[in-house]
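Chemist: Got a structure for you, questions after.
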There are 2 protein chains.
Amino acid sequence: MEGERTVRIGELSRRSGVPVPTIKYYVREGLLPAGRLTSPNQARYDDGHERRLRLIRALLDVGGMSLSAIAEVLEAVDDPGQPVHKVLGAATGRIAPAEPEQSDEAGSGTTEARKAVEALLARRGWRVDADSPAGRSLEGVLAAMHRAGHGGLVELIDVYADAAEAVAHADLDHVRRRAAREDLVESVVVGTVLGEAMLSALRRLAHAEASVRAYGGADGAEPGDGA
Amino acid sequence: MEGERTVRIGELSRRSGVPVPTIKYYVREGLLPAGRLTSPNQARYDDGHERRLRLIRALLDVGGMSLSAIAEVLEAVDDPGQPVHKVLGAATGRIAPAEPEQSDEAGSGTTEARKAVEALLARRGWRVDADSPAGRSLEGVLAAMHRAGHGGLVELIDVYADAAEAVAHADLDHVRRRAAREDLVESVVVGTVLGEAMLSALRRLAHAEASVRAYGGADGAEPGDGA
């Protein structure tokens, strides 16, 4: 089996869309295993190389991760002693944050924000560390709401958490259909970033619809009444 | 009433946190009405000025809008002939997009993505133009999913739309408690951007919890069984 379907580096480049010099660079940096040498200056690559390249590009382009973060994630992927949820945690924890880090200015309300995050986790029974990247990110958002004089938005947090939970369960069901550990990581990273963008765009569309319904139809049409 | 509680520019700066030269710049650019002259070199500012400054800063800092886009939004805010949903649309349409614009490359699957957006709007009865910024943004995300080889994620779109709708209704209820038209615009802009960040952070937290539940507890704990 192993010897089947191997290709030269040029073909690997065409299939993956990754330029040859970039592939060589990934090999030198240890992100991609070297090809199997069939002669002193001829190496062959298999499906595993193609899949690994696709994962690297997804982490890089979609996840916005640095090469050093990618190296760490790949190490976890390749270590059979690491439980799957640890590997997924290693990957998602290093994806570019949803929101740029908020600077910790004086009077930023961070203590209250931190307490609100901890209270939420306890209330919902979510076994996630408040110090995880997502927990810190939520804390930053709540502090920013306070600073902007819109702390009242925090009242909506459980409606938002319900929505997030429904979406996360659907995401996980979708992802669990993937068998290979490597594909799983790729799915989670792509799903985290692009799913987030999809949810944001849908929320804005739903806002537009709710606004038309509440404040009147476009261009003289009657305000909708829910029909 | 009008003459009451007016302040000098230095006090307006202290209250709003906006530096004096910046306030003067906004007046020159027509974003902020001039103060009322009480002597040839003394102007007084009232609550309306303070509220307007706060709105400009929210659009600028939180909404990531350009000054020229802000000028257009303020024009709509100040025009009593403009219906509220038009003003809100003008504001939210100019907020920095949820996702950077996707470049339209060859084979990007844009046509399919466009059809998927139109089908979604029709299916849900959302009276929103597919060409609106949010519609275009969703189209870009769906095309990116295809390009990344994860077109299957699109199957989740109705679960996401349900979640987005629930959140959008809660947002609108929250916002409708604000009476003044200017405050309404500020609330919507701040709520759109920070609410989006809150939802993204919560989704990542919910992922972490779902992953622990599905793939085993942290550090040797038993996998959860939904209890």
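Chemist: For the ranges A:201-210, B:44-53, A:40-49, what's the packing order if you count other beta-carbon atoms within 10 Å of each residue, average per peptide, and put the highest first?
Modeler: Values: A:201-210: 25.8, B:44-53: 18.7, A:40-49: 15.2.
Highest mean packing first, the order is A:201-210, B:44-53, A:40-49.
Chemist: Can I ask one more? With r defined as the distance between the Cβ atoms of A:ASP79 and A:ARG176 and R0 fixed at 35 Å, what FRET efficiency is calculated, to the nearest 0.05?
Modeler: About 0.95, to the nearest 0.05.
Chemist: Right, another one. Between A:ARG123 and B:ASP129, what is the FRET efficiency for a Förster distance of 30 Å, r being their Cβ-Cβ separation, to the nearest 0.05?
Modeler: 0.15
Chemist: Related question: Which residues in segment B:63-80 have a backbone N closer than 15 Å to a point placed 7 Å from the Cα of B:GLU29 along the Cα-to-Cβ line?
Modeler: Of the residues in segment B:63-80, B:63-75 have backbone N under 15 Å from the label point off B:GLU29.
Chemist: Please work out the average accessible area per residue across the protein assembly as shown, using the 1.4 Å probe convention, and give it in Å².
Modeler: Computed with neighbouring chains in place, this is 48 Å² per residue.
Chemist: Over all residues in B:134-141, what is the mean tally of Cβ atoms on other chains that come within 10 Å of each residue's Cβ? Can you show the working numbers first?
Modeler: Numbers: counts 10, 4, 1, 7, 8, 1, 2, 10.
Counting other chains' Cβ atoms within 10 Å and averaging over B:134-141 gives 5.
Chemist: Please list 3J(HN,Hα) in residue order for segment B:137-154, calculated via the Karplus relation 6.51 cos²θ - 1.76 cosθ + 1.60 where θ = phi - 60°; whole Hz, with x for glycine and proline.
Modeler: 5, 4, 4, x, 5, 4, 5, 5, 4, 4, 4, 7, x, 10, x, x, 4, 4
Chemist: Could you run the Karplus curve 6.51 cos²θ - 1.76 cosθ + 1.60 with θ = phi - 60° over segment B:71-82 and give me ³J(HN,Hα) per residue in whole Hz, x for Gly and Pro?
Modeler: Values, residue by residue: 4, 5, 5, 5, 4, 5, 4, 7, 8, x, x, 8 Hz.
Chemist: At B:GLU72, with labels set 7 Å past Cα in the Cβ direction, how many nm apart are the copies from this one, shortest first?
Modeler: Computed spacing set for this position: 4.2 nm.
Chemist: Using a label position 7 Å from Cα in the Cα→Cβ direction, what is the ascending list of nm distances from A:ARG51 to the same site in the other copies?
Modeler: When each copy's label point is compared with this one, the spacings are 6.1 nm.
Chemist: Quick one: Karplus J couplings for segment B:208-216, per residue in order, coefficients 6.51, -1.76, 1.60, θ = phi - 60°, nearest Hz, x for Gly and Pro?
Modeler: Per-residue couplings from phi come out as 4, 5, 5, 6, 4, 4, 7, 10, x Hz.
Chemist: Pop out the carbon and sulfur fraction of the accessible area of the protein assembly as shown as a percent, whole number, probe 1.4 Å.
Modeler: Answer for the protein assembly as shown is 50 percent, counting heavy atoms of protein chains only.
Chemist: For chain A, state the semi-axes of the equivalent ellipsoid (square roots of 5 times the eigenvalues of the alpha-carbon gyration tensor), sorted largest first and rounded to whole angstrom.
Modeler: Working: eigenvalues 359, 105, 54 Å².
That gives 42, 23, 16 Å for the three semi-axes.
Chemist: Going by the rotation axis that takes chain A to chain B, pick out the residue of A with the closest C-beta and quote the gap in whole Å.
Modeler: Per the Cβ-to-axis criterion, the result reads A:ALA163, 2.
Chemist: For chain B, what relative contact order do you get, as a whole percent, if you take Cα pairs closer than 8 Å and at least 6 residues apart?
Modeler: 17
Chemist: Rounded to the nearest 100 Å², what is the buried accessible area between A and B, both sides summed, probe 1.4 Å?
Modeler: About 7700 Å² of accessible surface is lost on pairing.
Chemist: Another one. Can you give the calculated 222 nm mean residue ellipticity of chain A, where each DSSP H run of n ≥ 4 adds -39,500 (n - 2.57) and the sum is split over every residue, rounded to the nearest 500 deg cm²/dmol? Write down the numbers at each step before the final one.
Modeler: Details: 9 runs with 134 residues, N = 227.
My calculation for chain A gives -19500 deg cm²/dmol from helical runs alone.
Chemist: In square nanometres, what is one fourth of the surface area of the convex hull spanned by the alpha carbons of the protein assembly as shown?
Modeler: Result: a mean projected hull area of 26.8 nm².
Chemist: Right, here's the next one. From the label point of B:GLU112, set 7 Å along Cα to the beta carbon, how far off in nm is each other copy's matching point, shortest first?
Modeler: Label-point distances to the other copies, shortest first: 4.8 nm.
The values are calculated or read from the model by the stated rules, or taken from the named source; none is laboratory data. Fair warning: this is a prediction, and the values are worked out from it, not measured in the lab. As a convention, Cβ positions derive from the backbone with ideal geometry for all residues, glycine included, and neighbour counts pool all protein chains shown. With ligands, DNA and RNA removed, areas are computed over all heavy atoms of the protein, side chains included. Shrake-Rupley method; radii C 1.70, N 1.55, O 1.52, S 1.80 Å.
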